[in-house]
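Worksheet: the structure to be examined is printed underneath.
The values are calculated or read from the model by the stated rules, or taken from the named source; none is laboratory data. As the structure is a prediction and not an experimental result, all values here were calculated from the model. Neighbour counts run over all protein chains shown; Cβ positions are idealised from the backbone, glycine included. Side chains are part of the model used for accessible areas, which takes the heavy atoms of the whole protein and leaves out ligands, DNA and RNA. Shrake-Rupley method; radii C 1.70, N 1.55, O 1.52, S 1.80 Å.
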Amino acid sequence: MSLKLMYITNNPAIALTAEKNGVDQIFVDLETLGKEERQKNMNTVKSHHTINDVAALSKVLHKSELMVRINPWNENSEEEIEQVIASGADRIMLPMWKNPNVANKFLKAVNNRVATTLLLETKEAADCIDEVLNNPLLDEIHIGLNDLHLSYGLDFMFQLLSNGIVENLCKKMQAKQMKYGFGGIAGIGEGAIPAERIITEHYRLGSQRAILSRSFCDVDKEVDLKKIEKIFAVNIKKIREFENNLSKYTDSDFEKNKLETYALINDYANSVKKDSNNEN
């Protein structure tokens, strides 16, 4: 098994570069409603993609799946879904749902015409996951750590690993044989918590997919396409080589990584909280 890797872009040249170097899923992000308010003062990706980007990417991709995140459910959602499907999306992701009724409306509106992903990123969604998992139309769940950690009032998104919330959700999805993943990863040796530690947790928890974070390849800072291609080629090769090494891990190896990683997470969260208190 290797992680299904996702990358957010609306640029056809970068999408093709990502596809060429083994990115499994290109991610167009149409979500705007409420995102700025939820994530204000946070250094998170806030995309400005359009429905035209979906059509443009669908024409150039050959192997990578084209996933589109729509807006949270609203009075225009069914129309938005129709536009996204007509534009060539292979998969649609619904963010910020908080109850089974909304999840069901989304899944019914798509009606198996393309694949679906529910982005679990609220405490309310976590609380009703058992009921949602019973829907036969559901294809996949991704746990969004940015908004979910805000929903729980935590200081750092990876605290959702160290406090057991992600593990509990993964066990529920595993029991239902649901495809699932969580959060994002940086390049090997990079990230507030080194990516290799988080990848090892993905394997321990049975996760099958992860988003390549902005720090993996920040195209706002690097615009040279040849350099971007080299970043993808080198960094994805490193990820796949590291994944191959994980096949040698024993249960005790995974447990050791878990304990060491959670200590790093808690230390980092404490430093974030301390800095926040000092600012206030």
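Here is a check on your reading of the model: is ASN277 closer than 30 Å to GLN25 by Cα, free of Cβ contacts under 8 Å to residues at least 12 places away in the same chain and not aromatic (Phe, Trp, Tyr)? Here the answer is no, as ASN277 does not meet what is asked. Residues of the stretch 186-231 that are β-branched (Val, Ile, Thr) and touching a residue at least 60 places away in the same chain (Cβ under 8 Å): ILE193, ILE198, ILE199, THR200, ILE211, VAL219, ILE228. The set of residues from the stretch 100-144 being among the acidic types (Asp, Glu) and over 19 Å from the mean Cα position of the chain (by Cα) comprises ASP127, ASP130, GLU131. Identify, from the list ALA18, ALA13, ALA56, the residue that is over 23 Å from TRP97 (Cα atoms), at pLDDT 95 or above and touching a strand residue (DSSP E or B) at 6+ places or on another chain (Cβ under 6 Å). Every option except ALA18 fails the conditions. The residues of the stretch 186-210 that are under 24 Å from ILE129 (Cβ atoms), of a type in the set (Gly, Ala, Ser) and open to solvent by 10 Å² or more (accessible area, probe 1.4 Å) amount to a single one, GLY206.
Would you call LYS237 more than 18 Å from the chain's Cα centre (by Cα), modelled with pLDDT of 95 or more and farther than 20 Å from LEU161 by Cα? Talk me through it step by step, then tell me what you get.
Numbers: more than 18 Å from the chain's Cα centre (by Cα): yes; modelled with pLDDT of 95 or more: yes; farther than 20 Å from LEU161 by Cα: yes.
Here the answer is yes, as LYS237 does meet what is asked.
Please specify each residue of the stretch 50-88 satisfying the condition of being farther than 23 Å from LEU133 by Cβ and either open to solvent by 70 Å² or more (accessible area, probe 1.4 Å) or in contact (Cβ under 8 Å) with a residue 60 or more places away in the chain (or both). Listed by number, the residues that qualify are ASN52, LYS59, HIS62, LYS63, GLU75, ASN76, GLU78, GLU79, GLU82, GLN83, ALA86. Taking helices (runs of 4 or more DSSP H) as the structural unit, those lying wholly within the stretch 89-185 and holding at least 3 residues that are surrounded by fewer than 19 Cβ atoms within 10 Å (Cβ to Cβ) and free of Cβ contacts under 8 Å to residues at least 60 places away in the same chain correspond to 100-110, 123-127, 165-175.
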